[in-house]
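Structure first, then comments.
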Amino acid sequence: MFAKNNIPSAQTVMSTAASFAASAMVIQTVARNLLPYELKAYIFNNISKFFKSFSFQTTLIIEEFDGLTRNQIYRAAEIYLGSKTCSSMKLCKVSMGEKETKIVVSMAKNQETVDVFDGVKFKWRQVTRQVESKNVVFQGQSSNVRSEKRSFELSFHKKHKEKVMDSYLPFVLKESKRLMEETKTLKLHTLGNDHMRRYVGGAETWQPIKLDHPANFGTLAMNTELKATIMEDLERFVKRKDYYRRVGKAWKRGYLLYGPPGTGKSSLIAAMANYLNFDIYDLKLTDIHTNSDLRRVLIATGNQSILVVEDIDCGLELHDRQTEPQPGVAIKPSKLFKLPVEMVTLSGLLNFIDGLWSSCGDERIIVFTTNHKGQLDPALLRPGRMDVHIHMSYCSPSGFDTLAVNYLGVNDHHSLMSITRELLAKTSVTPAEVGEQLLKNADPEAALKGLIDFLQQKVKEEDEVQVSDKS
């Protein structure tokens, strides 16, 4: 204690405090302007470590991505925390996509919430950091690329670390899986911006929208036996995880759908997705410019999904390794100083279908479609790449029966059905053409008569073509 005569006056105290504040400001200014960044970071980190040594809190950092793939713990935490009410958060993010029926609640950027598990409090914090902008020039286009790095910070008393690793995080993973199964809606994924995704990557690679396609195997205008064969093959595939591992094969299945346009290839893909409850990833090879870009987007696809590459015969000219310059072959002077143009090669595509990269994922189906099977490289068609070849043919009598029931609600006892079947046997029309004719009239009688007129005209035109060819 100060003696009465030595008690400093208020003016002295204020003067001393002001001197300390001024000194602190000077030191801060000097440190900011004169000290190198590395030294400032070193000092700050050591000061932080000093104060943290007195703390009983432990923090786990859960980043969104683990290398090239998404961190499953981050995804599980995102779903689990979204199922909690946002009463403990000052700011929540609420969304509902187009065609969606449920409101999605999630943590907003840099927000905190508290979860209680087995009587222990756990603090979650969502952390979003902006990545430094880059000026990217690609194919003559200049763009400023901005990206975000997202993570969760899980803080708790350090005595509960074993409980977190052995009980809490496994509970979050299990609970998130249950929530996903309860609320899952099929998604159709398309590629994001073609030249930005290579720099931004991550969640921006694929853009999802709800898949609300009504096609199923009951509505497909296909041969009944063929539909049964496809369903049996799909059921067998999803049940054979252990079998594929035992024989040393990646858990995937390849389908080739070939036939004229309008024969129902896209409808069959949608029916397969609805049957298995699998998401669809629609890949257009013309949007991919290099093999590395191809690997990047394919790795970003999820498990239990169908990867679709439509019109592979005309979507892109795939260059095989045989087209590359061979050793000892002279190169034209005009090509010596040209920069090599990167492109997707046939070998790059095949490597993901059944090469080393094919094991980067489980329970995946790859579907190629083409109008001209004969134009495909034989390397694409061998077993192990395209395991099942399905010919999507013109409308058959059994396919017409399905369309008549779906569109008009009539069965094969209708008087005009037999006439229609006879005409279908004489000409080639696709299920899409038949369906279009049946849509023109809601009255079954009038619709079938219109279809018969259409088929008779087709038969007449084909006969005239044959006569002209003979002459």
Would you tally the residues in the range 367-385 being modelled with pLDDT of 90 or more and either among the hydrophobic types (A, V, I, L, M, F, W, C) or surrounded by 20 or more Cβ atoms within 10 Å (Cβ to Cβ) (or both)?
4
Got at least one residue in the range 252-264 being among the basic types (K, R), surrounded by 14 or more Cβ atoms within 10 Å (Cβ to Cβ) and not in a helix (DSSP H, G or I)?
yes
I'd like the full set of residues that are in a loop (DSSP other than H, G, I, E, B) and at pLDDT 80 or above, limited to the range 345-366.
D362, E363
For the range 93-120, which positions are among the hydrophobic types (A, V, I, L, M, F, W, C) and either exposed (fewer than 11 other Cβ atoms within 10 Å of the Cβ) or in contact with a Pro (Cβ under 7 Å, 6 or more places away or on another chain) (or both)?
V94, M96, I103, V116
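So if I check each of L455, L408, L439, L403, which one is in contact with a helix residue (DSSP H, G or I) (Cβ under 6 Å, 6 or more places away or on another chain), without any contact (Cβ under 8 Å) to a residue 40 or more places away in the chain and either surrounded by fewer than 17 Cβ atoms within 10 Å (Cβ to Cβ) or outside the structural domain of L257 (by TED's automatic domain parsing) (or both)?
Working: L408 fails: without any contact (Cβ under 8 Å) to a residue 40 or more places away in the chain; L439 fails: in contact with a helix residue (DSSP H, G or I) (Cβ under 6 Å, 6 or more places away or on another chain); L403 fails: without any contact (Cβ under 8 Å) to a residue 40 or more places away in the chain.
The match here is L455.
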Is it the case that some residue within the range 412-425 is touching a Phe, Trp or Tyr at 6+ places or on another chain (Cβ under 6 Å), outside any helix (DSSP H, G or I) and surrounded by fewer than 16 Cβ atoms within 10 Å (Cβ to Cβ)?
no
Of everything in the range 174-212, what is part of a loop (DSSP other than H, G, I, E, B) and either at pLDDT below 90 or over 22 Å from R253 (Cα atoms) (or both)? Give them in sequence order.
K184, T185, G192, N193, D194, H195, M196, G201, T205, D212
Note on the range 226-275: residues farther than 30 Å from G435 by Cα and of a type in the set (G, A, S) are G248, A250
From V309, V297, which residue is farther than 22 Å from T229 by Cβ, of a type outside the set (G, A, S) and modelled with pLDDT of 90 or more?
V309
Going by what's in this entry, would A425 be described as closer than 22 Å to E225 by Cα and of a type in the set (A, V, I, L, M, F, W, C)?
yes
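The values are calculated or read from the model by the stated rules, or taken from the named source; none is laboratory data. Just so you know, these numbers come straight off a predicted model, no measurement behind them. Cβ: placed from backbone, ideal geometry, glycine included. Neighbour counts: every protein chain shown.
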